[in-house]
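Beneath this line is the structure, given in structure tokens, with notes to follow.
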Amino acid sequence: MKKLLSVLLLVSMTASLLAACGSSKSSDSGQSGTGNEGGSASKKVVAWAWDPSFNGAALKIAEELYAKENPGFELEVVDMAKTDLEQKLNTNLASGVKEGLPDIILVNDPNIQKYVTAYPGTFADFTDKVDYSQFSPYKVDALTIDGKVYGVPFDIGVTGMFYRSDYLEQAGFKAEDLENITWDEYIEIGKVVKEKTGKYMSTINPNDEALTSILLQSGGSWYITPDNKGNFVDNPVMTETLRVYKAIADSGIAKPVTGWSEFVGSFNAGDVATVVSGVWQISSIMDAKDQSGKWRVAPIPRLNVEGAVNASNEGGSSWFVLEGSANKDLAIDFLAKTIGGSSEFYERFLKENGGVGSYIPSFSSEAYSQTPEFFGGQAIYTDFTKWSTEVPGISLGMYTQEAKDALKNELPNILNGSDLTQSLANIQKLFEQQVQ
């Protein structure tokens with residue numbers, strides 16, 4: 001380890017010397033835009049992100065808008081796989097080696113509290129830099145830790161219940177029959193759909209926690225408490241979530257799938273009548289060109305617990321700035337004036353990349369009012385943005401993945417009929433062992 005740290009420090013020192021000698025355009029891609037030439041501050045910032053056609057493209061829109069008012073501004077986007085980005089960031093921060101890190105980094109929302117808590121002083125405080133009242137509250141809640149707001153909200157995964165209108169009509173249901181229903185009502189509708197059409201109502205995958213996450217947040221709860229304790233025992237929302245999950249599995253309305261390809265294939269092939277998922281699922285649904293005009297979207301069903309709503313979230317990310325960045329102020333200003341406060345950015349992001357944000361002023365724009373023929377002329381983005389303002393805000397905590405893993409370990413037993421109270425105690429115990 002000492003040898004590795006010595007090598008890393010040597011590389012960092014070498015990079016610094018090159019920068020000082022005027023080599024600010026070093027071929028070492030991903031190096032933060034440090035260094036001064038002729039005594040003038042650099043106008044270049046570096047960002048790390050995954051998915052260049054979505055996240056990277058969004059940054060390029062932001063760069064174009066910002067450069068109009070800030071001539072000479074330059075943004076370098078370093079693309080890497082999400083897992084590689086997270087591993088590289090964790091490795092550098094854990095070893096204390098901060099040289100070579102970017103100015104801006106994309107962070108998956110469930111990792112926010114873990115990063116900020118585990119590496120104090122590493123990420124810039126945005127509290128007074130952005131008007132957070134203009135964003136959907138639940139996105140701001142995810143960024144808020146100990147009274148400070150870190151970063152800028154980006155894309156959201158506000159959920160909806162996509163459904164095949166032709167299948168539902170064949171089974172005798174109208175659009176209003178799917179509005180603001182409970183999960184128990186959903187299951188009963190699914191039984192009729194299966195009987196009348198031969199189609200499954202949905203899919204189910206015991207190795208994927210997407211549905212349980214959607215259910216929990218719709219009830220204002222999560223796998224862990226705000227103080228990072230397991231939230232499985234004595235939690236009515238968790239109990240109701242797993243009751244509903246098992247009821248769906250037992251009812252026979254769900255088609256078993258084992259991975260992403262099977263999941264997408266099930267609705268692209270016309271095997272299921274509904275898909276409960278995030279707004280970003282639109283592009284996958286629209287891949288089946290022959291199904292144009294047959295899809296609609298309704299609010300998701302709600303749990304039968306006090307405070308539960310017909311709205312939730314699946315996925316999403318935010319942009320952070322490194323506190324130690326030599327270009328911190330520039331990076332903050334760039335994000336604050338574009339992704340953090342520009343309706344034009346979000347209009348273009350939707351039109352050009354299909355991305356939906358949580359910036360409320362943009363919701364009334366023409367882009368969000370479009371009525372895709374694929375969805376029967378429904379103003380789907382208007383609906384999704386409305387639902388995004390209803391999603392309960394929760395604390396995602398530090399150990400979301402560990403809690404999900406503990407649940408997945410016990411889920412087969414729950415589906416096989418084990419006592420739910422005992423299963424929840426088993427999950428709680430396993431989670432506590434994992435995070436000790």
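The values are calculated or read from the model by the stated rules, or taken from the named source; none is laboratory data. None of these values were measured; they are calculated from a predicted model. Cβ sites come from the backbone with ideal geometry, for glycine too, and all protein chains shown count toward neighbours. Quick note on the areas: whole protein, heavy atoms, side chains included, nothing else; ligands and nucleic acids left out. Shrake-Rupley method; radii C 1.70, N 1.55, O 1.52, S 1.80 Å.
Heavy atoms only, probe 1.4 angstrom, no DNA, RNA or ligands counted: give me T421, T400, T117 ranked by accessible area, highest first.
If we order T421, T400, T117 from most to least accessible, we get T421, T117, T400.
Using a 1.4 Å probe over the heavy atoms of the protein chains, calculate the carbon and sulfur portion of the accessible area of the chain as a whole percent. Numbers along the way, then the final one.
Values: 9240 of 18830 Å².
Carbon and sulfur atoms account for 49 percent of the accessible area of the chain.
Using only DSSP helix segments of four residues or longer, with each worth -39500 (n - 2.57), what per-residue ellipticity at 222 nm results for the chain after dividing by its residue count and rounding to 500?
Numbers: 16 runs with 181 residues, N = 436.
Helix-only estimate at 222 nm: -12500 deg cm²/dmol.
Any lysines with Cα under 17 Å of the K386 Cα? List them, leaving off those in the same chain fewer than 8 positions away.
Leaving aside lysines fewer than 8 places away in the same chain, those within reach of K386 are K139.
Give the long-range amide H neighbours of V149: residues separated by 5 or more places, or on another chain, with amide H under 5 Å away, using H modelled in the peptide plane at 1.01 Å from N.
F126, T127
Using Cα pairs closer than 8 Å and at least 6 residues apart in sequence, work out the relative contact order for the chain, in percent.
Once normalised by length, the contact order is 24 percent.
Top to bottom by accessible area (1.4 Å), largest first, where do Y132, Y346 land?
Details: Y132 25, Y346 0 Å².
The most accessible residue leads, giving Y132, Y346.
Whenever you get a sec, line up M80, M161 from highest to lowest accessible area (probe 1.4 Å, protein heavy atoms).
M80, M161
Between N207 and L93, what is the label-to-label distance in nm when each label sits 7 Å out along the Cα-to-Cβ direction?
Going from the N207 label point to the L93 one covers 3.0 nm.
Figure the gain on full extension for E262 and E390 (residue separation times 0.36 nm, minus the Cα-Cα span) and round it to one decimal in nm.
Taking E262 through E390 to full extension adds about 43.0 nm, to one decimal.
Relative contact order for the range 207-337: what is it in percent, counting Cα pairs under 8 Å that are at least 6 residues apart? Numbers along the way, then the final one.
Values: 101 pairs, mean separation 39.8, N = 131.
Once normalised by length, the contact order is 30 percent.
Determine ³J(HN,Hα), in whole Hz, for all residues of the range 312-319 in sequence, where each value follows from phi through the Karplus function 6.51 cos²θ - 1.76 cosθ + 1.60 and θ = phi - 60°; x replaces Gly and Pro.
Along the range 312-319, the couplings run 7, 9, 9, x, x, 8, 9, 9 Hz.
Within the range 193-334, how many Lys pairs that are eight or more residues apart, or on different chains, come under 21 Å at the alpha-carbon?
Eligible lysine pairs with Cα atoms under 21 Å apart amount to 11.
Are there any helices in the chain, counted as whole DSSP H runs, that stretch 18 Å or more along their axis by Cα and score at least 1.6 on average by Kyte-Doolittle, and if so which?
Helices meeting the criterion: 2-20.
If the reach is capped at under 17 angstrom between alpha carbons, list the lysines near K82, excluding any in the same chain fewer than eight residues apart.
Within reach: K114.
Give the aspartates and glutamates whose C-alpha is closer than 17 Å to that of K408, dropping any in the same chain fewer than 8 places away, or say none.
Candidates past the 8-residue exclusion: D208, E209, E240, D419, E432.
For the chain, set up a GNM with springs between Cα atoms under 10 Å and report which of P412, P120, P236 has the largest fluctuation.
P120
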